[in-house]
Amino acid sequence: MTEKPVYILGAAAVTPFGSTVRENCDALLAVRTCFSAPRHFDGAGRLLGVDHDLDGGRNSRAERLLCKLESALPFSIPPGTRLFVATTIGVIDLLEQGGELDTAGEFLRLAERIFGISGGTLVSAACASGQTAAAAAMRALRRGTCRYALVIGGDITSEFVTRGFAALGALSRSVSRPYDADRDGLTLGEAAAALLLGTVGPGAGQLTNACENGDASHITSPDLSGRQLAAACRGALQGVPPDAVIGHGTGTVYNDRAEIAAMRELFSASPVPLFSLKGNLGHTLGATGVLQIALGLELAKRRILPPQAGLRTPEAGANAAKEARRLTGGRLLSLNVGFGGLNSAAVLEAL
Amino acid sequence: MKIRGMARLAENNEFFTLFRRGRFGPFADLNTARHILSAVPGMPEGDLNDFGRGGVTVRRVMLTALLAAWDANGTLSREAGVLGWNGDGCTAENLAFWQDYVSCGREAARGGLFVATLPTIPYCEAAIALKCLGPVAYYRTAPSGTELQTLLDASPRGQYLCGEVTVSGVCMMLADTALDGTPLPDRPTLREIFAAWEEQL
């Protein structure tokens, strides 16, 4: 059965590099990074992908991030649009200041107010939240639940999350180096991104398919065989190989190993170029999946994959490169992985 | 969508199942409940070796999921997904992590408490215990059975263990979206959906 096409009608990305998709892609292609010491809390010497435009102010940093995203939208929101919001932790800075509140639920309420859409759906799937939200929106559109869907992904840098990941030993001593043989952990970042999806084209691209699963292996470590991640990729690809893969690529030893194993299982005969934007922007948690689709679409349109920031010596089997690579087509596979063994694969195509 | 099984846990550690009319407990604690429930004939084999790894919410969800699968009479698929819906989210876990960190002079945080700050964690632990390889996610929507029905109807065809956690209890439902069945009653919580069906059966 042919699935109803879901078009990507518009995309926005707010990161420390800028507030347009174009600026962000230019920064990736120039191998820029945005890591600096946070000023809004004591980072204990750690570098993060901080957007200093968000510093100051008495409201939540997450509210400022969402307002910045709203003012950067390059499209108007059609009437009857359904809202899907992805975050891992939401307005966690308000809890740090003594508030006893549902931080993710409050993030949803803020998004509803700022984007003027009531009755939104919060989607939380750890670090796979962004792509899982985009997939939920895609399915709602195919089901005919709505004509348009606005997918928002966002998370801020915070003492809460930084200290939590530090306690797990997941943070890099310097900065994240995805797919590098000597990688030593992730670097946290903050960003927000938006996608306007609809079933009536034309759009800049299509969200062609998505597939999520779990590996039921361990609560903080992925199944290193990558088998379930490969299965999710197969489910999303439906037998048609991609021209490139935007990986989750956090730069932790285990995450990247599982991803590389999945890529080897899928594409051993003809390796597909692999890239992670976390070498430039850090791990933006609930934003990353939406960001990968937003920036991935622009890269697919330009038919180019950026050099891998932070890469010195690629891990064996990782088809990552220090140089930009020309793509023969505009079909991309995007991956998200999250705590609890969560896997998400999505396919997008430039039109 | 067909509902295969449903179970709920009350505040006093007493468990109820919908179709098989099971009633277990009240138990003095969840560890006792785990041992007694594991020995019930026909109970699905769950890997509860890591039962003590998570907090109380994780344990409550694991046991209620096990009972929902038991209520479905052995029809739980290996490909089933596990979804959380509304309820309390993880506010209590967020506060526990942060207050512990602050009380330690903001010097060191506990990784175990940090992991629990994701609302999906109890559902992931249930998926691990029951070896379910489908998707795991947490959704917050308007409190309405119709919204939950819409969410499940739009999901890929298959089985979903769908749960709701509140301070007063846990409710888990095993739904099969590949099969036809009665629509969910338009009640605001899973607990009230359970009660509505209990009255009808």
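The values are calculated or read from the model by the stated rules, or taken from the named source; none is laboratory data. All of these numbers come straight from a predicted model, not from anything done at the bench. Here the Cβ is made from the backbone with ideal geometry for all residues, glycine too, and neighbour counts use every protein chain on show. These accessible areas exclude ligands, DNA and RNA; they are computed on the full protein's heavy atoms, side chains included. Shrake-Rupley method; radii C 1.70, N 1.55, O 1.52, S 1.80 Å.
Of note:
- Filtered residues of the range A:90-106 (kept if more than 7 Å from chain B (Cβ to nearest Cβ), buried (at least 20 other Cβ atoms within 10 Å of the Cβ) and closer than 19 Å to B:V102 by Cα): A:V91, A:I92, A:D93
- Counting the residues of the range A:111-135 that are open to solvent by 10 Å² or more (accessible area, probe 1.4 Å) and more than 7 Å from chain B (Cβ to nearest Cβ) gives 8.
- Leading residue by the ranking (nearest to the other protein chains (Cβ to nearest Cβ)) among those in the range A:227-242 that are buried (at least 20 other Cβ atoms within 10 Å of the Cβ) and under 19 Å from the mean Cα position of the chain (by Cα): A:A232
- Tally of residues being more than 16 Å from B:R140 (Cα to Cα), touching a residue at least 12 places away in the same chain (Cβ under 8 Å) and assigned to a loop (DSSP other than H, G, I, E, B) across the range A:69-120: 7
- Filter result for B:F19 (within 21 Å of B:I121 (Cα to Cα) and hydrophobic (A, V, I, L, M, F, W, C)): no
- Sole exception among (1) closer than 28 Å to A:A137 by Cα; (2) at the interface with chain A (Cβ under 10 Å from one of its Cβ atoms) for B:L113, by number: (1)
- Test: residue in the range B:144-154 that is touching a Gly at 6+ places or on another chain (Cβ under 7 Å) and open to solvent by less than 50 Å² (accessible area, probe 1.4 Å): no
- Just one of the listed residues (A:G226, A:G251, A:G203) is touching a residue at least 12 places away in the same chain (Cβ under 8 Å) and farther than 21 Å from A:G317 by Cβ, and it is A:G203.
- Residues satisfying the stated conditions in the range A:322-349, i.e. of a type in the set (A, V, I, L, M, F, W, C), closer than 16 Å to A:T250 by Cα and assigned to a loop (DSSP other than H, G, I, E, B): A:F339
- Hits in the range A:200-225 (condition: under 30 Å from A:R147 (Cβ atoms), polar (S, T, N, Q) and within 7 Å of another protein chain (Cβ to nearest Cβ)): A:N213
Yes or no, residue by residue, for (1) under 29 Å from A:A111 (Cα atoms); (2) in contact (Cβ under 8 Å) with a residue 12 or more places away in the chain; (3) of a type in the set (A, V, I, L, M):
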position: B:L113; (1), (2), (3): yes, yes, yes
position: B:L118; (1), (2), (3): yes, yes, yes
position: B:Y123; (1), (2), (3): yes, yes, no
position: B:G158; (1), (2), (3): no, yes, no
position: B:T177; (1), (2), (3): no, yes, no
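- Pair list, Cβ under 8 Å, 6 or more apart: the range A:310-328 residue closer than 21 Å to A:L186 by Cβ, other residue among the hydroxyl-bearing types (S, T, Y) and open to solvent by 50 Å² or more (accessible area, probe 1.4 Å): A:G310/A:T33
- Answer from A:N280, A:N255 - the residue that is more than 14 Å from chain B (Cβ to nearest Cβ), open to solvent by 10 Å² or more (accessible area, probe 1.4 Å) and under 26 Å from A:T87 (Cα atoms): A:N255
- For the range A:257-296, the candidate set comprises residues that are polar (S, T, N, Q) and in a helix (DSSP H, G or I); within that set, the residue that is nearest to the chain's Cα centre (by Cα) is A:T288.
- Scanning the range A:33-65 for residues that are among the acidic types (D, E), surrounded by fewer than 21 Cβ atoms within 10 Å (Cβ to Cβ) and outside any helix (DSSP H, G or I) yields a total of 2.
- For the range A:1-32, a residue qualifies if it is touching a Pro at 6+ places or on another chain (Cβ under 9 Å) and assigned to a loop (DSSP other than H, G, I, E, B), and the qualifying residues are A:T20, A:A30, A:V31.
- The set of residues from the range A:164-176 being within 8 Å of another protein chain (Cβ to nearest Cβ), in contact with a helix residue (DSSP H, G or I) (Cβ under 6 Å, 6 or more places away or on another chain) and open to solvent by 10 Å² or more (accessible area, probe 1.4 Å) comprises A:A167, A:L168.
- Check on A:L188, within 14 Å of another protein chain (Cβ to nearest Cβ) and either within 15 Å of the chain's Cα centre (by Cα) or open to solvent by 30 Å² or more (accessible area, probe 1.4 Å) (or both): yes
- Selection within the range A:136-159: residues that are surrounded by 20 or more Cβ atoms within 10 Å (Cβ to Cβ) and of a type in the set (S, T, N, Q). The member of this set that is nearest to A:A11 (Cα to Cα) is A:T157.
- Of the listed requirements (1) among the hydrophobic types (A, V, I, L, M, F, W, C); (2) open to solvent by less than 10 Å² (accessible area, probe 1.4 Å); (3) away from every other protein chain (no Cβ under 14 Å), A:I304 misses just one: (2).
- Within the range B:147-179, considering residues that are over 29 Å from A:C233 (Cα atoms) and modelled with pLDDT under 95, the one farthest from the other protein chains (Cβ to nearest Cβ): B:S168
- Scanning the range A:135-174 for residues that are over 25 Å from A:S60 (Cα atoms) and either within 13 Å of the chain's Cα centre (by Cα) or of a type in the set (G, A, S) (or both) yields a count of 10.
- Filter result for B:F97 (among the aromatic types (F, W, Y) and within 14 Å of chain A (Cβ to nearest Cβ)): yes
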